[in-house]
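Comments concern the structure below.
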Amino acid sequence: KEKIIWKNAFFNEKKRAQKKVEEYIQEYFRKIKIKKESDWFSIYVNVITSQYDPHTNYFSPKEKEIFDLNISGQTEGIGVELQDDKGFPTVVKLISGGPAWKNKKIEIGDRIIRVAKNVNSESKNIVGMLLENSIRLIKGKKGSKVKLTIQKKNGFIEEVILTREIIEKKEIFAKSVIILDKNDDKYGLICLPEFYFNPKNKNGRNAAKDMKKIIQELKKENIKGILIDIRNNGGGSLDSVIKIAGFFLGKVPICKIGKPNKKKKILKSHENKVLWRGPLVILVNEFSASASEILAAAIKDYKRGIIVGSDQTYGKGTIQTISSLNRFLHFNEELGSLKFTINKFYRVNGSSTQLKGVNSDIVLPKKNTKNKFLKFMEKNQTNPMKWDCTDPIPSIRYYYKNLYIENIKYKSIKRLKKNKDFITIYKTMQSLENQFPNEKEFSLNWETFFYENLKIKKRNDSLKKLRNKLNTFGTKTFPLYYRIFSKESEKQKEWKRNLNKDFYDISECINILRDFNEIPQQ
């Protein structure tokens, strides 16, 4: 009887899954059919460019707009996030403080069915259009007006006129928090998700300016050390990372750039005054790439601080530039842009970060051991450039003696080994995850598949409980107290809540900063 119930449940689920797959395939082919020649041209050209290296790409005009938004964190629009729901641009998020949010007439779930670029132009039907093309119609210059025809969730049709404004993608901007330990000593945690800059406005918002302001404000709080979190930071502006490294190193060479077997150019920081001379820890992972690796490498090579995190960073040691094709071919219409690799960068010790990345001084246990099965690093990409090296920069001034750095590393490793409960939980999680390595084959027998799927579900439930236990245990074992620095935005509140899930890594970094205070500075 139980078997029959399970069999019926399986076949009901099978029908639902088949319907979802059918809808997905129909939607996929609908989007394929409405793609224009320019869209296919972009796909075709990128097949060719990818044969040179993973970071040489052609951007169509609309793809360049998306790139500029991602790297600058700013765009001009109405402040909504849209999702394609079977051809209908549907509102899934209102950005706090944006024109749509202030207007109060647009709600999550509403559909935008027509757009007039300005109030005097004719409205254009955007139902069935590619979402990125719909978004381009809605966006426009700051201060200009756009007329939207909205289909409300209740079916009513309504016209809304909005004035476009500068919309910020706040999640990529630097943010900080002050951490108090059990002695009420203060430590600054700075999260830098990207080395952002504005390609169209050199005086616009950028990572270096924001980092400088944050460090100055943290110093007023009499902090004992700074932790910079650049996990998942894929890079960005080379100029910004040179300036940021200078805040901690002063007026010194930060890296070299050039082509293999050719003369290299030394890039120096022009910061005459070191902004922060105290203890410094850089937190990295396998997704810390490019500019992140320049910062981590410089801090490590000068023995200015400790690098903590994964075995190594991503391993992207190449530099790209973007050029508009209209510079070379004079057409009235936009031809798009080409992002292509022009140089490699090298650490002050002469080594390239290409493929090898930067090794952490202290390797933290991984919470998600499945990462080791995923091939996502530079060395796993198609046609990556090879590793090479050059002459090191002579007469490097070390900030701390090697003995002091080794002593801090020893204390941290000793602490990590001492926390047996943590290690036990990690090992249990690892053994559970290794029970089902990335399976390529699945049984077509419903009963076999059902029971295998049931085992995976039970394993996932166990992993979830263990992760919760890990977080709870970490909070009790490392009693640190978070106090948000500066006015709280929604993004800061969300970030602050997520810090609790990261308690173990952050706590050990704070312990390392405390160890720094026990040694004299050179």
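Which condition number in (1) assigned to a loop (DSSP other than H, G, I, E, B); (2) touching a helix residue (DSSP H, G or I) at 6+ places or on another chain (Cβ under 6 Å); (3) under 23 Å from residue 508 (Cβ atoms); (4) of a type outside the set (Gly, Ala, Ser) is the one that residue 227 fails?
In the conditions (1) assigned to a loop (DSSP other than H, G, I, E, B); (2) touching a helix residue (DSSP H, G or I) at 6+ places or on another chain (Cβ under 6 Å); (3) under 23 Å from residue 508 (Cβ atoms); (4) of a type outside the set (Gly, Ala, Ser), residue 227 misses (1) alone.
Mind checking whether some residue in region 458-466 is at pLDDT 80 or above, in the same structural domain as residue 183 (by TED's automatic domain parsing) and over 29 Å from the mean Cα position of the chain (by Cα)?
Yes; the residues of region 458-466 include at least one that is at pLDDT 80 or above, in the same structural domain as residue 183 (by TED's automatic domain parsing) and over 29 Å from the mean Cα position of the chain (by Cα).
Tell me which residues, restricted to region 329-339, are outside any loop (DSSP other than H, G, I, E, B), surrounded by fewer than 21 Cβ atoms within 10 Å (Cβ to Cβ) and of a type outside the set (A, V, I, L, M).
Correct list: 339 only.
Specify the residue that is farthest from residue 393 (Cα to Cα); the eligible residues are those in region 308-321 that are touching a helix residue (DSSP H, G or I) at 6+ places or on another chain (Cβ under 8 Å) and in a strand (DSSP E or B).
The extreme case among them is 309.
Looking at (1) at pLDDT below 75; (2) surrounded by 15 or more Cβ atoms within 10 Å (Cβ to Cβ); (3) in a loop (DSSP other than H, G, I, E, B), which one does residue 437 not meet, given that it meets all the others?
Among (1) at pLDDT below 75; (2) surrounded by 15 or more Cβ atoms within 10 Å (Cβ to Cβ); (3) in a loop (DSSP other than H, G, I, E, B), the lone unmet condition for residue 437 is (2).
Output yes when any residue across region 73-84 is in a loop (DSSP other than H, G, I, E, B) and surrounded by fewer than 19 Cβ atoms within 10 Å (Cβ to Cβ), and no when none is.
Scanning region 73-84, I find no residue that is in a loop (DSSP other than H, G, I, E, B) and surrounded by fewer than 19 Cβ atoms within 10 Å (Cβ to Cβ), so the answer is no.
Just checking, how many residues over region 46-56 are assigned to a loop (DSSP other than H, G, I, E, B) and surrounded by 15 or more Cβ atoms within 10 Å (Cβ to Cβ)?
Residues flagged as assigned to a loop (DSSP other than H, G, I, E, B) and surrounded by 15 or more Cβ atoms within 10 Å (Cβ to Cβ) within region 46-56 amount to 5.
Confirm whether residue 310 is in contact with a Phe, Trp or Tyr (Cβ under 8 Å, 6 or more places away or on another chain) and among the hydroxyl-bearing types (Ser, Thr, Tyr).
So residue 310 fails the test.
Name the one entry in 88, 67, 59 that is aromatic (Phe, Trp, Tyr), closer than 26 Å to residue 206 by Cβ and crowded, with 18+ Cβ neighbours inside 10 Å.
Just a single option satisfies the conditions, and that option is 59.
Would you pick out the residues in region 276-328 that are of a type in the set (A, V, I, L, M, F, W, C), surrounded by fewer than 21 Cβ atoms within 10 Å (Cβ to Cβ) and closer than 19 Å to residue 199 by Cβ?
319, 322, 325, 328
Just to verify a result, which residue in region 91-142, among those that are farther than 26 Å from residue 60 by Cβ and touching a helix residue (DSSP H, G or I) at 6+ places or on another chain (Cβ under 9 Å), is surrounded by the fewest Cβ atoms within 10 Å (Cβ to Cβ)?
Checking each candidate, the answer is 96.
If you go through region 143-160, how many residues are part of a loop (DSSP other than H, G, I, E, B) and either surrounded by 14 or more Cβ atoms within 10 Å (Cβ to Cβ) or more than 34 Å from the chain's Cα centre (by Cα) (or both)?
5
Which numbered condition in (1) outside the structural domain of residue 314 (by TED's automatic domain parsing); (2) touching a residue at least 24 places away in the same chain (Cβ under 8 Å) is the only one that residue 143 fails?
(2)
Looking for whichever is in contact with a helix residue (DSSP H, G or I) (Cβ under 7 Å, 6 or more places away or on another chain) and among the charged types (D, E, K, R) here; the options are 186, 212, 219. Which one fits?
Only one candidate passes the filter, namely 212.
Looking only at region 224-236, count how many residues are surrounded by fewer than 22 Cβ atoms within 10 Å (Cβ to Cβ) and without any contact (Cβ under 8 Å) to a residue 60 or more places away in the chain.
Total satisfying the criteria: 1.
The values are calculated or read from the model by the stated rules, or taken from the named source; none is laboratory data. Since this is a predicted model, take the numbers as computed values, not measurements. Using ideal geometry, Cβ is built from the backbone for each residue, glycine included, and neighbour counts are taken over all protein chains shown.
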